[in-house]
Amino acid sequence: MARIIGGIGASHTPTIGFAKDARKQNDPAWAPIFEGFAKVREWVRQQDIDVLFMIYNDHVTSFFFDHYSAFVLGVDDIYHPADEGGGPRRVPPVRGHAALARHVAFREAWCLKPQSWFREQRQMERYGYEQMLALWQQPEHPEGLIVFPDNIVPGILAAMQQLHLRAPDDLQLALHKNREVDYVCPFPATLAVYSIAEVAAGYLAQLRMKLTGESPAPLPVAYNLEENVPYEIAVTS
């Protein structure tokens, strides 16, 4: 049986690729990012990983989101760099694991996929609630969920509460929370609370500095740790 040993997260911003193309790895503004990639690269080498399960969002090349599937799975032995308008980037193709991809594809019943992007929030919550109940009626249950889009999460949490699903007792859970946004969490957890407005203001200040030729310092994100107080969730029809 396969064993999950860790996860890697990285920004999707295209400017990182542009910085690499322009050989700005040692530029003061970019060096910390590429130093982080170097550490991750070394960790990957040490782990002798057999398969990387890569999840990413596609570039939006059409205005309407209903032109895109909510979830697409690649099943192939090799993936070549795509031409996004300036020619394919000069990086080697990525080897795929078609057998593992087919195995995941056969678990289609585990995928919560809304049929339309253009639903009201109440409808999306109801959809998440109904699909989570339907998912748990399957003979096999997944060990974890990747939920997309995120506005079906309240309904899924309500269904989990109804099904009496609980995290393992020895699991220490910490979540992040935007101070400006209401958060729905039906179980005890430690929340790292920060202000998205302050973060946005900091990024705008950095952008102004770059436009004037200055090199901005790294942006620290201030947060407070708070304990979540669970409360009941109601999903109405």
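The values are calculated or read from the model by the stated rules, or taken from the named source; none is laboratory data. What you see is a predicted model; the values in this text were computed from it and never measured. With ideal geometry, Cβ positions are generated from the backbone for all residues, glycine too; neighbour counts draw on all protein chains shown. To get the accessible areas, we keep the full protein, side chains included, count just its heavy atoms, and leave off ligands, DNA and RNA. Shrake-Rupley method; radii C 1.70, N 1.55, O 1.52, S 1.80 Å.
May I ask you to derive the FRET efficiency for Leu163 and Phe53 from their Cβ-Cβ distance with R0 = 22 Å, giving the value to the nearest 0.05?
Values: r = 26 Å, r/R0 = 1.20.
Working from the Cβ atoms, E equals 0.25.
Taking 45 Å as R0, compute the FRET efficiency from the Cβ-Cβ separation of Thr15 and Val147 and round it to 0.05.
Details: r = 28 Å, r/R0 = 0.62.
E between Thr15 and Val147, to the nearest 0.05, is 0.95.
Could you give me the ³J(HN,Hα) list for region 96-103, computed from phi with Karplus coefficients 6.51, -1.76, 1.60 and θ = phi - 60°, whole Hz, x at Gly and Pro?
Running phi through 6.51 cos²θ - 1.76 cosθ + 1.60 with θ = phi - 60° gives x, 10, 4, 5, 5, 4, 5, 4 Hz.
As a test question: what accessible area, to the nearest 10 Å², does Leu145 have when a 1.4 Å probe is rolled over all protein chains in place?
Using a 1.4 Å probe on the heavy atoms, I get roughly 70 Å².
Starting from the Cα of Leu207, step 7 Å along the direction of its Cβ; do the same at Val40; then give the gap between the two resulting points in nm.
Result: 2.3 nm between the two label points.
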